[in-house]
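Enquirer: Here it is, the structure, as structure tokens.
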Amino acid sequence: MRIDLANINAALGHDAQGLVNWAVALNEPTIVTTNFRPFEAVILHMVTRANADVPVIWMDNGYNTEATYRYADELTKQLGLKLKIYLPRRTRAHREAVDGPTPSIDDPRHAAFTEEVKLEPFTRALSETAPKVWFTALRATDTAVRAQMEPVSINPDGLIKVAPLLHWSSKQLHEYCAQHGLPNNFDYVDPTKAEDNRECGLHIAH
């Protein structure tokens, strides 16, 4: 399948729902990934409004806050999400019993920790769902890497990555949630990033 990236990004790069509708209309196997961080309801609402059957992939690292788990359940019920949860091979209790608490960002073991709780489950999810289109809620303001991205890109493996909210501000996201009666979650922690503006790995390794 040939896609004119420059044309699509120019025409729909700032039209989030239009971009979602375009990608869904490709009629290819599709997923949307989520971590249920703040404003994740927006991408999930947009995608499921276009196609309610798109699988929602959550790599639950086992370190989420209670609020995040409640938010995940609330959104799943409200939007009727086809949620598929991918867990690390070891539970958090098992990992901490053997390896101790979460390694700090400057600990040499941190890369292996990220691989175990996030990247390996994501690789497994891709293998099992075999998507051609991947929706992600990443935003240009998140990290320096993401600031250089386009709303639609194609990974080396041919996976079409679609980031409809790339150019959205927090104000726009808040207004969308209010307009559509969507809940939010601000009690969110990602142990693989340690810092809000640090890249988590999914958008570099794949």
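Enquirer: For the range 5-205, what proportion of DSSP beta bridges, expressed in % and rounded to the nearest 5, is antiparallel?
Expert: Numbers: 3 of 17 bridges.
Antiparallel bridges: around 20 percent, rounded to the nearest 5.
Enquirer: In square nanometres, what is one fourth of the surface area of the convex hull spanned by the alpha carbons of the range 5-205?
Expert: Values: hull surface 43.9 nm².
Mean projected area for the range 5-205: 11.0 nm², to one decimal.
Enquirer: Which ³J(HN,Hα) values, rounded to whole Hz and listed in residue order, are derived for the range 176-189 from phi using the Karplus coefficients 6.51, -1.76 and 1.60 in 6.51 cos²θ - 1.76 cosθ + 1.60 with θ = phi - 60°, glycine and proline given as x?
Expert: For the range 176-189, the Karplus curve yields 5, 4, 5, 5, 9, x, 9, x, 9, 9, 10, 9, 10, 9 Hz.
Enquirer: For Ile57, list long-range residues whose amide hydrogen, built 1.01 Å from N in the peptide plane, is under 5 Å from its own amide hydrogen.
Expert: Under 5 Å from the amide H of Ile57: Val32, Thr33, Thr34, Lys84.
Enquirer: A further question on this structure: Please report the relative contact order for the range 5-205, taking Cα pairs under 8 Å with a sequence separation of at least 6, and give it as a percent rounded to a whole number.
Expert: Details: 298 pairs, mean separation 60.7, N = 201.
It rounds to 30 percent for the range 5-205.
Enquirer: Another question, if that's okay. Which of the peptides 176-188, 123-135 is most tightly packed, and how do the rest follow, judged by the mean count of other Cβ atoms within 10 Å per residue?
Expert: Numbers: 176-188: 14.1, 123-135: 16.8.
Descending packing order for the listed peptides: 123-135, 176-188.
Enquirer: For Lys161, what residues show an amide H to amide H distance below 5 Å, using hydrogens built from the backbone and excluding near sequence neighbours?
Expert: Trp134, Ser153, Ile154, Asn155
Enquirer: Further question on the same structure: Quick check: the distance between the Cα centres of the range 86-135 and the range 1-65, to the nearest angstrom?
Expert: For the range 86-135 versus the range 1-65, the Cα centre distance is 22 Å.
Enquirer: Pop out the ³J(HN,Hα) list for the range 106-119 in order, Karplus 6.51 cos²θ - 1.76 cosθ + 1.60 with θ = phi - 60°, rounded to Hz; leave Gly and Pro as x.
Expert: Running phi through 6.51 cos²θ - 1.76 cosθ + 1.60 with θ = phi - 60° gives 9, 7, x, 7, 5, 4, 5, 4, 4, 4, 6, 8, 10, 6 Hz.
Enquirer: Also: Can you list the residues, at least 5 places off or on another chain, whose amide H is less than 5 Å from the amide H of Thr65, using H built in the peptide plane?
Expert: Residues meeting the criterion, in which the H sits 1.01 Å from N, are Val189.
Enquirer: Give a residue-ordered list of calculated ³J(HN,Hα) values for the range 71-87 (Karplus: 6.51 cos²θ - 1.76 cosθ + 1.60, θ = phi - 60°; whole Hz; x for Gly, Pro).
Expert: Using θ = phi - 60°, the values come out as 4, 4, 5, 5, 5, 4, 6, 5, 9, x, 5, 8, 7, 10, 9, 10, 9 Hz.
Enquirer: Also, quick follow-up: In whole Å, what three semi-axes, largest first, describe the equivalent ellipsoid of the range 117-176 built from its Cα gyration tensor (square root of 5 times each eigenvalue)? Show your work: numbers first, answer last.
Expert: Working: eigenvalues 111, 34, 28 Å².
Square roots of five times the eigenvalues give 24, 13, 12 Å.
Every read-out reported here was derived from the displayed coordinates using simple, explicitly stated rules and does not represent laboratory data. Bear in mind that the values here come from a model prediction, so they are computed numbers and not experimental data. Heads up, the Cβs are rebuilt from the backbone with ideal geometry, glycines too, and the neighbour counts pull from every protein chain shown.
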